[in-house]
Amino acid sequence: MVRLIGKTARTRLLIALIAVSLCLGMGPFRFSPLYAAQLTPRALKVSDADGGVANVTYNVSFTIPALSLVGSVRIQICSNTSIVDDSCMAPVGFDALGATLSAQNGATGFTISAADSTANEIVLTRPPVMQPSTAADYTFTGVVNPTNAGSYYARILTYASSNASGAYTDAGGLAFVILPSLSISTEVPPYLTFCLGESITNFDCNTAAEPFSDLGNLSPNLASAAQSQAVIATNAGNGYSMWVSGTTMTSGNNVISPMPGGTSQPGTAQFGLNLRANTNPVIGQNAAGPGAGTVANNYNQQNIFRFQSGDTLVSALTADDYRKYTISYIVNIPVNQPGGVYSTTLTYVCLANF
């Protein structure tokens with residue numbers, strides 16, 4: 001709010017701050033496999049490592065070490081150990097019965113054996129063929145993860161038979177982890193910075209100067225002038241608008257006419273403002289700063305002054321960095337202007353468009 005009183009101008013500082021939170025999420029995790037002997041290297045990757053999640057993709061990869069007869073591959077998921085010769089305890093909640101084989105590479109020609117597979121075992125079958133040493137991988141979709149967080153184990157075994165019967169040819173085990181997905185949140189509060197003062201150093205609202213400005217004695221021979229400065233910044237996606245409201249200068253029933261838009265004419269009743277560096281009279285500065293906010297056309301013409309309550313003075317269409325505006329006021333009077341203390345109170349409002 002700016003108050004102009006006769007020979008002085010008073011300014012008020014207005015700052016509006018609004019806060020809201022914005023949450024960002026991260027997840028899921030991918031675990032790193034452990035490697036052991038024989039079928040090496042070997043790995044198991046899952047698309048989602050959160051407990052109890054359905055429709056998860058499991059990718060199993062390993063290298064068949066040497067030429068051998070291969071007719072089936074058994075993939076076991078256990079809760080107790082990766083040692084292939086120990087008993088395997090099925091993890092709570094894990095279910096591969098609805099899994100489908102969506103991709104296979106290296107050693108190919110396999111299908112899932114419904115007769116030999118269980119909830120925690122997938123058996124791949126094909127007619128037995130001699131298989132050269134090769135890197136093989138298989139992708140299964142539609143798997144349900146174990147319910148509980150913790151460590152689990154996979155075993156991979158190859159067989160000469162087509163139904164995973166008899167002694168296994170090659171084998172290997174590995175471990176993986178089911179963990180809850182990790183969410184990271186942070187707060188980026190929407191903000192609007194708006195301050196007003198007779199002068200402001202750089203863009204620091206804390207430096208808004210003494211809120212008094214001397215207009216001097218009004219004279220029909222010379223324009224009286226004063227100025228205010230405003231600093232605005234916001235991260236609002238749709239920018240901001242600042243407008244002015246109030247009346248022209250009055251003293252009781254005596255009025256100094258507001259300017260519809262024109263040059264300073266000493267000896268004529270005039271009250272107006274603009275936001276430019278002017279030469280007649282010498283007052284004001286152009287908008288400055290890293291921001292891109294602009295001055296409304298009616299107030300952005302050098303040496304042309306206007307006052308209309310409710311007019312928008314400046315605006316930005318997007319989030320904007322700090323921008324400083326200098327508001328210049330001029331007052332002219334005719335020789336027959338009645339004496340008195342003329343004053344007005346101007347209120348500046350700035351709203352961000354979030």
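The values are calculated or read from the model by the stated rules, or taken from the named source; none is laboratory data. Here the structure is a predicted model, which is why all the values come from computation and not from measurement. Cβ coordinates were reconstructed from backbone atoms using ideal geometry, including for glycine residues, and neighbour counts include every protein chain displayed. Only protein heavy atoms, including side chains, enter the accessible area calculation; ligands, DNA and RNA are left aside. Shrake-Rupley method; radii C 1.70, N 1.55, O 1.52, S 1.80 Å.
Scanning region 94-109 for residues that are open to solvent by 40 Å² or more (accessible area, probe 1.4 Å), closer than 15 Å to residue 126 by Cβ and aliphatic (A, V, I, L, M) yields a count of 1. Within region 153-169, the set of residues being in contact (Cβ under 8 Å) with a residue 40 or more places away in the chain and aliphatic (A, V, I, L, M) comprises 154, 156, 157, 160, 164. Based on this model, can you work out whether residue 163 counts as open to solvent by 50 Å² or more (accessible area, probe 1.4 Å), in contact with a strand residue (DSSP E or B) (Cβ under 8 Å, 6 or more places away or on another chain) and either modelled with pLDDT of 95 or more or of a type outside the set (Gly, Ala, Ser) (or both)? Yes.
With respect to being assigned to a loop (DSSP other than H, G, I, E, B), out of contact with any Cys (no Cβ under 6 Å at 6 or more places or on another chain), open to solvent by less than 70 Å² (accessible area, probe 1.4 Å) and in contact (Cβ under 8 Å) with a residue 40 or more places away in the chain, residue 272 falls outside the description.
Does residue 309 satisfy the criteria of being surrounded by fewer than 17 Cβ atoms within 10 Å (Cβ to Cβ), closer than 30 Å to residue 251 by Cα, in contact with a Gly (Cβ under 9 Å, 6 or more places away or on another chain) and small (Gly, Ala, Ser)? Taking the combined requirement at face value, the residue satisfies it.
Among the candidates 322, 348, the residue that is open to solvent by 10 Å² or more (accessible area, probe 1.4 Å) and of a type in the set (Phe, Trp, Tyr) is uniquely 322.
Taken together, 287, 292 contain a single residue that is open to solvent by 60 Å² or more (accessible area, probe 1.4 Å) and within 35 Å of the chain's Cα centre (by Cα), which is 292.
Per this entry, residue 179 is counted among residues that are touching an Asp or Glu at 6+ places or on another chain (Cβ under 8 Å) and open to solvent by 50 Å² or more (accessible area, probe 1.4 Å). Say whether the condition of being open to solvent by 50 Å² or more (accessible area, probe 1.4 Å), at pLDDT 95 or above and touching a Gly at 6+ places or on another chain (Cβ under 8 Å) is met by at least one residue in region 65-73. There is no residue in region 65-73 that is open to solvent by 50 Å² or more (accessible area, probe 1.4 Å), at pLDDT 95 or above and touching a Gly at 6+ places or on another chain (Cβ under 8 Å). When region 74-93 is filtered for residues that are open to solvent by 50 Å² or more (accessible area, probe 1.4 Å) and under 41 Å from the mean Cα position of the chain (by Cα), only 92 remains. Considering region 331-345, and only residues there that are surrounded by 14 or more Cβ atoms within 10 Å (Cβ to Cβ) and at pLDDT 95 or above, the residue that is nearest to residue 198 (Cα to Cα) turns out to be 331.
Summed over region 110-137, the residues that are part of a loop (DSSP other than H, G, I, E, B) and open to solvent by 50 Å² or more (accessible area, probe 1.4 Å) give a count of 5. The set of residues in region 230-269 being closer than 30 Å to residue 204 by Cα and surrounded by fewer than 16 Cβ atoms within 10 Å (Cβ to Cβ) consists of 237, 238, 245, 247.
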